[in-house]
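One structure is given here, and the rest of the page talks about it.
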Amino acid sequence: MNFTTSIYKPLLLTGAACCAVGCAQKEATPKRYNIVYIMTDDHTEQMISCYNKRFAHTPNIDRIAENGVRFTSSFVANSISGPSRACLMTGKHSHKNGKVNNDHNFDNDQQTMPKLLQTAGYQTAMIGKWHLGGTPQGFDYWEILPGQGDYYQPDFITPNGRVRETGYVSDIITDKSINWLESRQEDKPFCLFVHHKGPHRNWMPKLSDLSAYEDSVFPLPETFYDDYAGRVAAQTAEMRIASEHDMDLVNDNKVYTGTETSRLSGMYNWKDSLGSYGRMSAAEKEQWNAFYGPIISDFKARNLSGKELAEWKYQRYLKDYIKTAKAVDDNIGRLLDYLEKEGLMENTLIVYTSDQGFYMGEHGWFDKRFMYEESLRTPLVMHLPKDLKRRGDVTEMVQNIDHAPTFLEIAGVQVPQDIQGESYLPYLMGEKPEHVRDAIYYHYQEYPAEHAVKRHYGIRTERYKLIHFYNDVDEWEFFDLQKDSLEMNNLINDPAYAQLIEEHKVKLKALQEKYDDPIRFEYQ
């Protein structure tokens with residue numbers, strides 16, 4: 001939905017008189033806000049201290065929200081990395097932008113938000129994890145990680161070929177981002193995308209952070225020993241922390257003695273010469289081994305099994321994850337310090353988010369993909385320029401397809417009619433938009449694939465959630481989030497909710513038609 005005419009115009013600061021004499025849009029360009037969009041990979045709400053203080057301390061992400069807003073109902077349209085990024089770039093659901101799973105190619109020739117910003121006079125840059133394949137378009141400058149990238153001595157793909165850098169990936173992405181800001185044209189607005197690898201699996205911390213959080217003992221989630229009763233698709237998913245098949249002791253928990261083999265060998269194997277461990281210098285390997293060696297020895301001496309093994313793996317998982325996220329947060333601080341030093345804070349929208357949420361032991365899981373809350377939700381905090389008046393929490397529902405129209409409106413660019421997202425700019429201005437979303441639509445299609453999460457689509461309203469698993473199954477789930485925030489009780493066959501379920505099926509069908517999803521159910 002386009003609010004440029006009714007809402008954005010006052011932000012151009014050009015005055016009614018100027019417009020009356022035919023003031024061209026390009027004359028307002030120096031007044032347009034800069035945009036810094038920071039996105040991490042798999043960083044979930046419950047591991048960010050401005051959302052949840054029980055686990056991690058993220059002072060710099062919190063700092064972004066302090067002079068701006070924290071969205072408390074921010075969701076993704078497809079909880080998996082590549083498709084989520086495609087939703088950001090296009091403002092469209094996966095079935096419309098063509099990137100329905102990580103294997104499908106993204107059509108880089110299609111209309112994207114960065115291309116539209118670039119055409120409108122913005123300087124654009126993409127640095128870090130791209131994960132869409134092909135050559136990025138719409139960017140004046142880009143340096144991207146190949147695929148998932150590496151934590152240590154990472155390669156970057158550039159217009160001039162592949163380059164191997166020395167150091168830790170979060171530091172290097174930030175260095176490159178600041179260097180680009182230093183070299184930009186200061187008389188033109190800019191949009192910088194800073195896409196971090198961390199804290200993606202297999203959670204390899206910066207070496208200086210290896211000892212962080214080691215004294216912490218994290219509480220088990222209430223649903224850690226979920227038996228998935230009444231949820232058929234959850235029963236067959238392969239993302240259980242307790243399972244050595246799902247969470248690998250070697251690659252995920254760093255337990256290696258030289259004899260183990262890993263089902264992920266060559267992909268995440270930290271002892272493999274092609275993996276991130278193999279990229280370390282001899283001194284770095286020595287530091288790594290000095291830290292993990294005693295942990296491995298203690299683990300082997302305990303000879304754990306059953307619940308004791310599952311809970312040991314959980315503690316190691318959270319520690320490595322939070323350490324990896326710490327390096328990202330520290331580097332966000334470096335970037336904020338630079339923007340403050342250069343006097344850019346008052347005219348720059350700074351966005352922090354993740355490509356989706358993640359399970360931190362809830363339902364006994366790691367990873368994402370499901371439409372359940374922990375992976376459907378994504379953190380979203382923003383530092384706002386001085387003219388955007390909203391502060392505090394934004395409780396209205398937004399989705400990652402909404403970034404594209406919002407950034408375009410902030411730039412004073414007409415939002416194309418085929419963009420499916422809805423601008424949240426009115427919320428940032430402390431105003432109410434013409435249309436307030438009462439439901440979000442979700443569709444996940446990567447099956448069969450790793451983690452074995454069935455294909456499904458659904459809707460979430462303020463209080464309820466309806467999910468349909470399809471393809472090789474036909475299972476419906478319905479949750480009352482007010483009474484069952486942990487989503488343990490599937491109400492699909494509860495007569496007391498029959499009318500509500502039918503109403504939500506009608507709403508689901510309407511959204512599938514609105515977004516023109518070719519895979520939809522036939523409502524009877």
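Sort out for me the strands (runs of 3 or more DSSP E) sitting completely within segment 351-467 that have 3 or more residues that are closer than 25 Å to Thr236 by Cβ and at pLDDT 95 or above.
Because the criterion is at least 3 residues that are closer than 25 Å to Thr236 by Cβ and at pLDDT 95 or above, the strands (runs of 3 or more DSSP E) in segment 351-467 that meet it are 440-444, 456-460.
Hey, any hits in segment 359-377 for a residue that's under 18 Å from the mean Cα position of the chain (by Cα), open to solvent by less than 20 Å² (accessible area, probe 1.4 Å) and closer than 29 Å to Asp187 by Cβ?
No - not one qualifying residue is present in segment 359-377.
State all residues of segment 186-217 that are assigned to a loop (DSSP other than H, G, I, E, B), open to solvent by less than 10 Å² (accessible area, probe 1.4 Å) and of a type in the set (Phe, Trp, Tyr); if no residue qualifies, say none.
Correct list: Trp203 only.
Out of all the residues in segment 473-519, which are open to solvent by 70 Å² or more (accessible area, probe 1.4 Å), without any contact (Cβ under 8 Å) to a residue 24 or more places away in the chain and assigned to a loop (DSSP other than H, G, I, E, B)?
Those that are open to solvent by 70 Å² or more (accessible area, probe 1.4 Å), without any contact (Cβ under 8 Å) to a residue 24 or more places away in the chain and assigned to a loop (DSSP other than H, G, I, E, B): Asp474, Gln482, Lys483, Asn493.
Could we say that Lys323 is out of contact with any Asp or Glu (no Cβ under 6 Å at 6 or more places or on another chain) and farther than 30 Å from His456 by Cα here?
Working: out of contact with any Asp or Glu (no Cβ under 6 Å at 6 or more places or on another chain): no; farther than 30 Å from His456 by Cα: yes.
No.
State whether the residues of segment 150-161 include one that is open to solvent by 10 Å² or more (accessible area, probe 1.4 Å), touching a residue at least 40 places away in the same chain (Cβ under 8 Å) and aromatic (Phe, Trp, Tyr). Full working, then the answer.
Taking segment 150-161 and keeping what is open to solvent by 10 Å² or more (accessible area, probe 1.4 Å), we get 150, 153, 155, 157-161.
Now drop any that are not touching a residue at least 40 places away in the same chain (Cβ under 8 Å), which leaves 150, 153.
Retained after the next criterion (residues that are aromatic (Phe, Trp, Tyr)): none.
No.
Filtering segment 53-106 down to residues that are aliphatic (A, V, I, L, M) and part of a loop (DSSP other than H, G, I, E, B), which residue is farthest from Gln315 (Cα to Cα)? Don't jump to the end; show me each part of the working.
The first filter runs over segment 53-106 and keeps only residues aliphatic (A, V, I, L, M), leaving 56, 61, 64-65, 69, 76-77, 80, 86, 88-89, 100.
Remaining after also requiring part of a loop (DSSP other than H, G, I, E, B): 56, 76-77, 80, 100.
Numbers: Ala56: 13, Val76: 28, Ala77: 30, Ile80: 24, Val100: 33 Å.
Across segment 53-106, the extreme among qualifying residues is Val100.
Here are the criteria: (1) of a type in the set (Gly, Ala, Ser); (2) modelled with pLDDT of 95 or more; (3) open to solvent by 20 Å² or more (accessible area, probe 1.4 Å); (4) farther than 30 Å from Ile178 by Cα. Tell me which single one Ala310 does not satisfy.
Ala310 satisfies all of (1) of a type in the set (Gly, Ala, Ser); (2) modelled with pLDDT of 95 or more; (3) open to solvent by 20 Å² or more (accessible area, probe 1.4 Å); (4) farther than 30 Å from Ile178 by Cα except (3).
Within segment 88-138, take every residue that is of a type in the set (S, T, N, Q) and open to solvent by 40 Å² or more (accessible area, probe 1.4 Å) and give me the one that is modelled with the lowest pLDDT. Don't jump to the end; show me each part of the working.
Residues of segment 88-138 that are of a type in the set (S, T, N, Q), as a first pass: 90, 94, 97, 101-102, 105, 108, 110-112, 118-119, 123-124, 135, 137.
Add one more test, that the residue is open to solvent by 40 Å² or more (accessible area, probe 1.4 Å), and what stays is 102, 105, 111, 118-119, 135, 137.
Working: Asn102: 95, Asn105: 88, Gln111: 98, Gln118: 98, Thr119: 97, Thr135: 96, Gln137: 98.
Applying the filter and picking the extreme gives Asn105.
Here are Thr324, Thr353, Thr348: which of them is in contact (Cβ under 8 Å) with a residue 60 or more places away in the chain, touching a Gly at 6+ places or on another chain (Cβ under 7 Å), among the β-branched types (Val, Ile, Thr) and buried (at least 19 other Cβ atoms within 10 Å of the Cβ)? Walk me through it before giving the result.
On the way: Thr353 fails: touching a Gly at 6+ places or on another chain (Cβ under 7 Å); Thr348 fails: touching a Gly at 6+ places or on another chain (Cβ under 7 Å).
One residue alone meets the criteria, Thr324.
Limited to segment 166-185, what total is found for residues that are touching a Phe, Trp or Tyr at 6+ places or on another chain (Cβ under 9 Å), without any contact (Cβ under 8 Å) to a residue 60 or more places away in the chain and either surrounded by 15 or more Cβ atoms within 10 Å (Cβ to Cβ) or among the small types (Gly, Ala, Ser) (or both)?
6
Condition first: at pLDDT below 95 and crowded, with 23+ Cβ neighbours inside 10 Å. Now tell me which residues in segment 25-81 satisfy that.
Arg32
The values are calculated or read from the model by the stated rules, or taken from the named source; none is laboratory data. Values in this document were obtained by computation on a predicted structure and should not be read as measured data. Neighbour counts run over all protein chains shown; Cβ positions are idealised from the backbone, glycine included. Protein only, heavy atoms only, side chains kept; ligands, DNA and RNA dropped before computing areas. Shrake-Rupley method; radii C 1.70, N 1.55, O 1.52, S 1.80 Å.
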